[in-house]
Amino acid sequence: MRTVYMDNAATTFPKPEEVYQAVDYFGRNLGGNPGRGSNKATLQAGSILMDCREALADLFNIADSSHIAFTFNITEAINIALKGLLNPGDHVISSSMEHNAVARPLHAMQQCFGIEWTMAPCAGDGSMDPNEVRKAIRPNSKMICVLHASNLTGTIMPIAEIGKIAREHELLLVVDAAQTAGVIPIDVEKQYIDVLTFTGHKGLLGPQGTGGIYVQPGLAIKSLKQGGTGSLSENLEHPTFMPDLLESGTHNTPGIAGLLAGVNYIKQEGIEKIHKHEQRLSRMLMNGLQSIPQVELYGPVDIDRKTAVISFNIKGMDCGELSMSLDHYYGIVSRSGLHCAPLAHQTIGTYETGACRLSLGYFNREEDIELAIRAVDELAVKQL
Ligand SMILES: Cc1ncc(COP(=O)(O)O)c(C=O)c1O
(Lines give C-alpha, C1' and ligand atoms only; values in the text may rest on other atoms or scores of the structure.)
Protein backbone atom coordinates (compact mmCIF):
# COMPACT_ATOMS: atom_id res chain seq x y z
CA MET A 1 0.00 0.00 0.00
CA ARG A 2 1.30 3.46 -0.96
CA THR A 3 1.78 5.90 1.93
CA VAL A 4 -0.10 9.15 1.48
CA TYR A 5 1.44 11.72 3.78
CA MET A 6 -1.00 14.34 5.04
CA ASP A 7 0.63 15.53 8.25
CA ASN A 8 2.56 18.47 6.85
CA ALA A 9 1.45 20.78 9.66
CA ALA A 10 3.46 18.57 12.04
CA THR A 11 6.48 18.37 9.74
CA THR A 12 6.68 18.42 5.97
CA PHE A 13 7.49 15.17 4.20
CA PRO A 14 9.03 14.39 1.84
CA LYS A 15 11.58 17.16 1.50
CA PRO A 16 12.80 18.33 -1.90
CA GLU A 17 15.64 16.09 -3.15
CA GLU A 18 18.02 19.07 -2.89
CA VAL A 19 17.51 19.15 0.90
CA TYR A 20 18.64 15.54 1.35
CA GLN A 21 21.59 16.18 -0.93
CA ALA A 22 22.67 19.34 0.93
CA VAL A 23 22.64 17.59 4.33
CA ASP A 24 24.51 14.62 2.92
CA TYR A 25 27.05 16.81 1.10
CA PHE A 26 27.78 18.80 4.24
CA GLY A 27 28.32 15.67 6.31
CA ARG A 28 30.55 13.93 3.79
CA ASN A 29 32.51 16.79 2.25
CA LEU A 30 32.53 19.90 4.44
CA GLY A 31 32.02 19.17 8.09
CA GLY A 32 33.51 22.39 9.50
CA ASN A 33 32.33 24.22 12.63
CA PRO A 34 31.25 27.75 11.60
CA GLY A 35 33.12 30.63 13.22
CA ARG A 36 35.61 28.33 14.92
CA GLY A 37 38.90 29.16 13.22
CA SER A 38 39.92 30.05 9.69
CA ASN A 39 40.46 26.73 7.95
CA LYS A 40 38.70 26.13 4.67
CA ALA A 41 36.03 23.77 6.03
CA THR A 42 35.14 26.23 8.80
CA LEU A 43 34.86 29.12 6.37
CA GLN A 44 32.68 27.07 4.02
CA ALA A 45 30.44 26.08 6.92
CA GLY A 46 30.26 29.76 7.93
CA SER A 47 29.18 30.75 4.46
CA ILE A 48 26.30 28.22 4.59
CA LEU A 49 25.03 30.04 7.67
CA MET A 50 25.42 33.40 5.99
CA ASP A 51 23.73 32.25 2.77
CA CYS A 52 20.84 30.79 4.76
CA ARG A 53 20.39 34.02 6.74
CA GLU A 54 20.41 35.96 3.46
CA ALA A 55 17.89 33.60 1.85
CA LEU A 56 15.56 33.88 4.85
CA ALA A 57 15.96 37.66 4.99
CA ASP A 58 14.99 37.86 1.34
CA LEU A 59 11.95 35.62 1.92
CA PHE A 60 10.66 37.69 4.86
CA ASN A 61 11.78 41.14 3.59
CA ILE A 62 14.28 41.58 6.42
CA ALA A 63 16.77 44.37 5.66
CA ASP A 64 19.64 43.12 7.83
CA SER A 65 20.13 39.34 7.78
CA SER A 66 22.50 39.47 10.77
CA HIS A 67 19.39 40.08 12.88
CA ILE A 68 18.27 36.51 12.25
CA ALA A 69 19.57 34.01 14.81
CA PHE A 70 19.27 30.27 14.28
CA THR A 71 17.53 28.12 16.88
CA PHE A 72 16.71 24.42 17.01
CA ASN A 73 12.99 24.98 16.44
CA ILE A 74 10.37 27.69 16.82
CA THR A 75 9.64 26.67 20.41
CA GLU A 76 13.13 27.78 21.36
CA ALA A 77 12.72 30.96 19.32
CA ILE A 78 9.42 31.83 21.05
CA ASN A 79 10.95 31.19 24.47
CA ILE A 80 13.81 33.56 23.61
CA ALA A 81 11.33 36.23 22.47
CA LEU A 82 9.13 35.99 25.56
CA LYS A 83 11.82 35.54 28.19
CA GLY A 84 14.28 37.88 26.51
CA LEU A 85 11.86 40.79 26.13
CA LEU A 86 9.40 40.64 29.03
CA ASN A 87 9.92 41.80 32.60
CA PRO A 88 7.86 41.13 35.75
CA GLY A 89 4.76 43.32 35.68
CA ASP A 90 4.54 43.39 31.87
CA HIS A 91 1.26 42.47 30.21
CA VAL A 92 1.09 40.28 27.07
CA ILE A 93 -1.82 39.75 24.70
CA SER A 94 -2.14 36.57 22.67
CA SER A 95 -5.04 34.94 20.85
CA SER A 96 -7.17 32.07 22.14
CA MET A 97 -5.84 29.91 19.27
CA GLU A 98 -2.22 29.68 20.41
CA HIS A 99 -0.14 26.53 20.26
CA ASN A 100 1.43 25.34 23.52
CA ALA A 101 4.74 26.73 22.21
CA VAL A 102 3.33 30.16 23.14
CA ALA A 103 0.76 29.21 25.78
CA ARG A 104 3.04 27.13 28.04
CA PRO A 105 5.87 29.67 28.37
CA LEU A 106 3.29 32.41 28.98
CA HIS A 107 1.54 30.28 31.59
CA ALA A 108 4.86 29.50 33.31
CA MET A 109 5.87 33.18 33.25
CA GLN A 110 2.50 34.15 34.67
CA GLN A 111 2.92 31.62 37.49
CA CYS A 112 6.57 32.22 38.40
CA PHE A 113 7.79 35.44 36.82
CA GLY A 114 4.98 37.92 37.45
CA ILE A 115 3.84 38.72 33.92
CA GLU A 116 0.16 39.28 33.12
CA TRP A 117 -1.42 37.49 30.16
CA THR A 118 -4.70 38.06 28.33
CA MET A 119 -6.01 35.81 25.59
CA ALA A 120 -8.04 37.81 23.08
CA PRO A 121 -11.02 35.57 22.21
CA CYS A 122 -11.32 34.16 18.69
CA ALA A 123 -14.47 33.04 16.89
CA GLY A 124 -15.60 29.42 16.51
CA ASP A 125 -13.79 29.13 13.17
CA GLY A 126 -10.58 30.33 14.82
CA SER A 127 -10.70 33.80 13.28
CA MET A 128 -9.64 36.86 15.20
CA ASP A 129 -11.18 40.31 15.23
CA PRO A 130 -8.31 42.80 15.72
CA ASN A 131 -10.65 44.86 17.89
CA GLU A 132 -10.46 42.10 20.51
CA VAL A 133 -6.74 42.83 20.73
CA ARG A 134 -7.39 46.54 21.03
CA LYS A 135 -9.91 45.92 23.84
CA ALA A 136 -7.35 43.84 25.76
CA ILE A 137 -4.71 46.59 25.91
CA ARG A 138 -3.83 47.81 29.42
CA PRO A 139 -1.47 50.55 30.63
CA ASN A 140 1.22 47.92 31.33
CA SER A 141 0.82 46.06 28.01
CA LYS A 142 4.18 45.44 26.39
CA MET A 143 3.67 42.81 23.73
CA ILE A 144 1.22 41.14 21.39
CA CYS A 145 2.33 37.58 20.72
CA VAL A 146 0.19 35.81 18.17
CA LEU A 147 0.36 32.94 15.74
CA HIS A 148 0.11 33.73 12.03
CA ALA A 149 -2.06 30.70 11.24
CA SER A 150 -3.64 28.04 13.40
CA ASN A 151 -2.23 24.52 13.30
CA LEU A 152 -5.73 23.23 14.06
CA THR A 153 -8.01 25.07 11.63
CA GLY A 154 -5.51 26.78 9.32
CA THR A 155 -7.20 30.12 10.09
CA ILE A 156 -4.94 33.00 9.03
CA MET A 157 -4.74 35.84 11.55
CA PRO A 158 -4.90 39.50 10.46
CA ILE A 159 -1.26 40.15 11.30
CA ALA A 160 -0.91 43.49 9.50
CA GLU A 161 -3.98 44.92 11.28
CA ILE A 162 -2.75 43.61 14.62
CA GLY A 163 0.67 45.08 13.79
CA LYS A 164 -0.89 48.49 13.17
CA ILE A 165 -2.58 48.36 16.57
CA ALA A 166 0.75 47.37 18.13
CA ARG A 167 2.48 50.36 16.53
CA GLU A 168 -0.30 52.78 17.57
CA HIS A 169 0.09 51.67 21.19
CA GLU A 170 3.89 51.22 21.14
CA LEU A 171 3.60 47.48 21.77
CA LEU A 172 5.92 44.83 20.39
CA LEU A 173 4.49 42.39 17.86
CA VAL A 174 5.94 38.88 18.12
CA VAL A 175 4.68 36.44 15.48
CA ASP A 176 4.68 32.63 15.57
CA ALA A 177 5.02 31.79 11.88
CA ALA A 178 5.30 28.01 12.36
CA GLN A 179 2.42 27.32 9.98
CA THR A 180 3.02 30.05 7.44
CA ALA A 181 6.75 30.50 6.79
CA GLY A 182 7.36 29.20 3.28
CA VAL A 183 3.64 28.74 2.64
CA ILE A 184 2.17 32.25 2.51
CA PRO A 185 4.06 35.53 2.07
CA ILE A 186 5.48 37.19 5.18
CA ASP A 187 6.81 40.76 5.10
CA VAL A 188 8.13 42.05 8.41
CA GLU A 189 7.91 45.65 7.23
CA LYS A 190 4.42 45.63 5.75
CA GLN A 191 3.06 43.54 8.62
CA TYR A 192 4.79 45.60 11.35
CA ILE A 193 6.48 42.54 12.82
CA ASP A 194 9.11 43.32 15.47
CA VAL A 195 10.06 39.73 16.20
CA LEU A 196 9.45 36.89 13.75
CA THR A 197 9.86 33.31 14.92
CA PHE A 198 9.88 30.37 12.51
CA THR A 199 10.63 26.68 12.38
CA GLY A 200 12.68 25.11 9.62
CA HIS A 201 11.06 21.70 9.25
CA LYS A 202 7.53 22.65 8.21
CA GLY A 203 6.73 24.98 5.28
CA LEU A 204 10.38 25.97 4.85
CA LEU A 205 11.01 22.33 3.86
CA GLY A 206 14.21 22.01 5.91
CA PRO A 207 15.26 19.26 8.31
CA GLN A 208 14.07 18.95 11.90
CA GLY A 209 16.30 20.71 14.42
CA THR A 210 16.25 24.02 12.55
CA GLY A 211 14.45 27.29 13.17
CA GLY A 212 15.13 30.89 13.98
CA ILE A 213 14.23 34.28 15.30
CA TYR A 214 14.40 37.69 13.67
CA VAL A 215 14.75 40.61 16.08
CA GLN A 216 14.21 44.10 14.74
CA PRO A 217 17.40 46.24 14.95
CA GLY A 218 17.46 48.44 18.05
CA LEU A 219 15.31 46.13 20.13
CA ALA A 220 17.04 45.19 23.40
CA ILE A 221 16.62 41.45 23.92
CA LYS A 222 18.30 39.32 26.57
CA SER A 223 19.93 36.00 25.66
CA LEU A 224 18.80 32.88 27.49
CA LYS A 225 22.15 31.14 26.95
CA GLN A 226 25.73 32.26 27.03
CA GLY A 227 28.73 30.41 25.67
CA GLY A 228 31.15 30.08 22.80
CA THR A 229 30.35 32.06 19.68
CA GLY A 230 33.75 32.11 17.99
CA SER A 231 33.70 35.93 18.41
CA LEU A 232 35.26 38.17 21.12
CA SER A 233 36.63 35.06 22.81
CA GLU A 234 38.92 37.16 24.99
CA ASN A 235 35.90 38.52 26.91
CA LEU A 236 34.00 36.65 29.56
CA GLU A 237 30.96 38.78 28.72
CA HIS A 238 28.82 37.23 26.05
CA PRO A 239 28.65 39.32 22.82
CA THR A 240 25.80 41.83 22.71
CA PHE A 241 25.48 42.00 18.92
CA MET A 242 23.22 39.89 16.71
CA PRO A 243 23.27 37.10 15.80
CA ASP A 244 25.97 36.04 18.31
CA LEU A 245 23.89 37.42 21.20
CA LEU A 246 21.31 34.67 20.64
CA GLU A 247 23.56 31.93 19.25
CA SER A 248 25.81 30.03 21.68
CA GLY A 249 27.52 26.73 20.99
CA THR A 250 27.86 24.76 17.81
CA HIS A 251 25.10 25.12 15.24
CA ASN A 252 23.08 22.40 13.57
CA THR A 253 25.08 23.20 10.45
CA PRO A 254 24.06 20.10 8.45
CA GLY A 255 20.45 21.00 9.21
CA ILE A 256 20.98 24.62 8.21
CA ALA A 257 22.58 23.44 4.94
CA GLY A 258 19.34 21.53 4.33
CA LEU A 259 17.24 24.52 5.38
CA LEU A 260 19.10 26.69 2.87
CA ALA A 261 18.30 24.16 0.16
CA GLY A 262 14.64 24.15 1.27
CA VAL A 263 14.35 27.95 1.17
CA ASN A 264 16.09 28.07 -2.22
CA TYR A 265 13.65 25.46 -3.50
CA ILE A 266 10.70 27.58 -2.34
CA LYS A 267 12.12 30.64 -4.08
CA GLN A 268 12.76 28.71 -7.24
CA GLU A 269 9.23 27.31 -7.35
CA GLY A 270 7.70 30.57 -6.13
CA ILE A 271 5.69 30.90 -2.92
CA GLU A 272 2.60 31.92 -4.95
CA LYS A 273 2.73 28.70 -6.95
CA ILE A 274 3.15 26.64 -3.77
CA HIS A 275 0.26 28.46 -2.11
CA LYS A 276 -2.03 28.07 -5.15
CA HIS A 277 -1.30 24.35 -5.38
CA GLU A 278 -2.08 23.83 -1.70
CA GLN A 279 -5.22 25.97 -1.97
CA ARG A 280 -6.50 24.00 -4.96
CA LEU A 281 -6.04 20.70 -3.13
CA SER A 282 -7.56 22.10 0.08
CA ARG A 283 -10.64 23.26 -1.81
CA MET A 284 -10.99 19.82 -3.34
CA LEU A 285 -10.61 18.07 0.01
CA MET A 286 -12.98 20.42 1.82
CA ASN A 287 -15.64 20.09 -0.89
CA GLY A 288 -15.32 16.31 -0.72
CA LEU A 289 -15.53 16.19 3.08
CA GLN A 290 -18.43 18.64 3.16
CA SER A 291 -20.43 16.33 0.94
CA ILE A 292 -20.23 13.51 3.52
CA PRO A 293 -23.21 14.01 5.89
CA GLN A 294 -21.53 12.50 8.97
CA VAL A 295 -18.49 14.78 8.70
CA GLU A 296 -18.16 17.79 10.97
CA LEU A 297 -15.63 20.18 9.46
CA TYR A 298 -13.89 22.93 11.49
CA GLY A 299 -12.38 26.29 10.58
CA PRO A 300 -13.16 28.80 7.84
CA VAL A 301 -14.96 27.60 4.72
CA ASP A 302 -13.33 30.32 2.61
CA ILE A 303 -10.06 28.90 1.33
CA ASP A 304 -8.48 32.38 1.16
CA ARG A 305 -8.76 32.67 4.93
CA LYS A 306 -6.84 29.51 5.73
CA THR A 307 -3.77 27.39 5.10
CA ALA A 308 -3.98 23.80 3.86
CA VAL A 309 -4.86 22.44 7.32
CA ILE A 310 -8.21 20.67 7.51
CA SER A 311 -9.59 19.32 10.78
CA PHE A 312 -12.77 17.32 11.08
CA ASN A 313 -14.57 14.55 12.93
CA ILE A 314 -16.92 11.78 11.86
CA LYS A 315 -19.96 11.99 14.14
CA GLY A 316 -19.92 9.20 16.71
CA MET A 317 -16.36 8.07 15.91
CA ASP A 318 -13.33 8.63 18.11
CA CYS A 319 -10.79 10.81 16.30
CA GLY A 320 -7.91 8.51 17.30
CA GLU A 321 -9.71 5.52 15.84
CA LEU A 322 -10.41 7.54 12.68
CA SER A 323 -6.74 8.50 12.31
CA MET A 324 -5.61 4.92 12.93
CA SER A 325 -8.11 3.56 10.39
CA LEU A 326 -6.95 6.06 7.76
CA ASP A 327 -3.41 4.84 8.32
CA HIS A 328 -4.14 1.13 8.64
CA TYR A 329 -6.63 0.65 5.80
CA TYR A 330 -5.64 3.41 3.37
CA GLY A 331 -2.02 4.37 4.17
CA ILE A 332 -3.05 7.95 4.92
CA VAL A 333 -0.95 9.72 7.56
CA SER A 334 -3.04 12.16 9.61
CA ARG A 335 -2.91 13.51 13.17
CA SER A 336 -5.56 13.14 15.82
CA GLY A 337 -5.96 14.47 19.36
CA LEU A 338 -5.36 17.99 20.61
CA HIS A 339 -2.44 18.95 18.33
CA CYS A 340 -0.54 20.64 21.21
CA ALA A 341 -3.23 23.31 20.99
CA PRO A 342 -5.78 22.77 23.80
CA LEU A 343 -6.72 26.47 23.78
CA ALA A 344 -7.57 26.29 20.09
CA HIS A 345 -9.68 23.18 20.67
CA GLN A 346 -11.50 25.01 23.49
CA THR A 347 -12.11 27.92 21.12
CA ILE A 348 -13.64 25.81 18.35
CA GLY A 349 -15.50 23.49 20.78
CA THR A 350 -13.55 20.24 20.27
CA TYR A 351 -11.61 20.14 23.55
CA GLU A 352 -13.52 17.07 24.75
CA THR A 353 -13.38 15.10 21.50
CA GLY A 354 -10.19 16.26 19.80
CA ALA A 355 -10.22 16.13 16.00
CA CYS A 356 -8.57 14.46 13.06
CA ARG A 357 -6.32 16.71 10.98
CA LEU A 358 -5.26 16.32 7.38
CA SER A 359 -2.61 18.88 6.43
CA LEU A 360 -1.51 19.12 2.83
CA GLY A 361 1.83 20.01 1.35
CA TYR A 362 3.39 20.90 -1.97
CA PHE A 363 4.07 17.25 -2.77
CA ASN A 364 0.48 16.07 -2.40
CA ARG A 365 -1.35 15.28 -5.61
CA GLU A 366 -5.00 15.15 -6.67
CA GLU A 367 -5.07 11.37 -6.37
CA ASP A 368 -4.12 11.72 -2.68
CA ILE A 369 -7.14 13.92 -2.13
CA GLU A 370 -9.42 11.54 -4.01
CA LEU A 371 -8.19 8.69 -1.82
CA ALA A 372 -8.69 10.70 1.38
CA ILE A 373 -12.27 11.62 0.44
CA ARG A 374 -13.09 8.02 -0.46
CA ALA A 375 -11.48 6.76 2.77
CA VAL A 376 -13.41 9.16 5.01
CA ASP A 377 -16.62 8.40 3.14
CA GLU A 378 -16.18 4.63 3.58
CA LEU A 379 -15.27 4.97 7.26
CA ALA A 380 -18.29 7.22 7.82
CA VAL A 381 -20.61 4.71 6.17
CA LYS A 382 -19.14 1.86 8.27
CA GLN A 383 -19.81 3.95 11.34
CA LEU A 384 -23.54 4.18 10.60
C1 LIG B 1 1.49 27.23 15.45
C2 LIG B 1 2.66 26.43 15.96
N3 LIG B 1 3.54 27.01 16.79
C4 LIG B 1 4.61 26.34 17.28
C5 LIG B 1 4.84 25.03 16.92
C6 LIG B 1 6.04 24.33 17.48
O7 LIG B 1 6.93 23.96 16.46
P8 LIG B 1 8.31 23.24 16.80
O9 LIG B 1 7.94 21.92 17.39
O10 LIG B 1 9.00 23.13 15.49
O11 LIG B 1 9.04 24.10 17.77
C12 LIG B 1 3.97 24.38 16.06
C13 LIG B 1 4.16 22.96 15.71
O14 LIG B 1 3.27 22.27 15.30
C15 LIG B 1 2.85 25.11 15.56
O16 LIG B 1 1.98 24.55 14.72
Original post:
Tell me, what is the 1.4 Å probe accessible area of residue 83, in Å² to the nearest 10?
Top reply: 80 Å²
Original post:
Of all chymotrypsin sites (Phe, Trp or Tyr not before Pro) in segment 51-146, which ones are in loop regions per DSSP and have a Cβ with at most 16 other Cβ atoms within 10 Å?
Top reply: 113
**OP:** Please list 119, 1, 97 in order of solvent-accessible area, largest first, computed with a 1.4 Å probe with all protein chains present.
**Re:** 1, 119, 97
Original post:
Arranged from highest to lowest average of other beta-carbon atoms within 10 Å per residue, in what order do the peptides 22-32, 324-334 appear?
Top reply: 324-334, 22-32
**OP:** Please work out the Cα convex hull volume for segment 17-269 and give it in Å³ per residue.
**Re:** 120 Å³
Original post:
Considering amide H positions built from the backbone, and no H for Pro or chain starts, which residues 5 or more places from residue 147, or on another chain, come under 5 Å of its amide H?
Top reply: 95, 176
Subject >> residue 62 long-range amide H proximity, modeled H, under 5 Å >> reply: none
Original post:
Which far-off residues, 5 or more places away or on another chain, put their amide H under 5 Å from the one on residue 333, with H placed in the peptide plane?
Top reply: 4, 5, 6
Subject >> Note, ³J(HN,Hα) from phi for segment 55-72, Karplus 6.51, -1.76, 1.60, rounded to Hz, x at Gly and Pro >> reply: 5, 5, 4, 5, 5, 9, 6, 9, 5, 10, 5, 6, 8, 9, 10, 7, 10, 8
Original post:
Quick one: Karplus J couplings for segment 105-117, per residue in order, coefficients 6.51, -1.76, 1.60, θ = phi - 60°, nearest Hz, x for Gly and Pro?
Top reply: x, 5, 4, 4, 6, 5, 6, 10, 10, x, 8, 10, 9
Original post:
What is the packing order of peptides 316-322, 3-9, 44-50, 210-216, taking the mean over residues of other C-beta atoms within 10 Å and listing the highest first?
Top reply: 210-216, 3-9, 44-50, 316-322
Original post:
Counting other Cβ atoms within 10 Å, which GluC sites (Glu not before Pro) in segment 158-187 have at most 16 and lie in a DSSP loop?
Top reply: 170
Subject >> Karplus-derived HN-Hα couplings along segment 134-142 (A = 6.51, B = -1.76, C = 1.60, θ = phi - 60°), whole Hz, x at Gly and Pro >> reply: 4, 5, 7, 5, 10, x, 9, 5, 10
Original post:
What FRET efficiency, computed as 1/(1 + (r/R0)^6) with R0 = 56 Å and r the Cβ-Cβ distance, is obtained for residue 87 and residue 304, rounded to the nearest 0.05?
Top reply: 0.90
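The values are calculated or read from the model by the stated rules, or taken from the named source; none is laboratory data. Quantities reported herein were computed from a predicted structural model and do not represent experimental measurements. FYI the Cβ positions are ideal-geometry reconstructions off the backbone, even for glycines, and counts take in every protein chain you see. The protein model used for the area step is the full one, side chains on, heavy atoms only, and it has no ligands, DNA or RNA in it. Shrake-Rupley method; radii C 1.70, N 1.55, O 1.52, S 1.80 Å.
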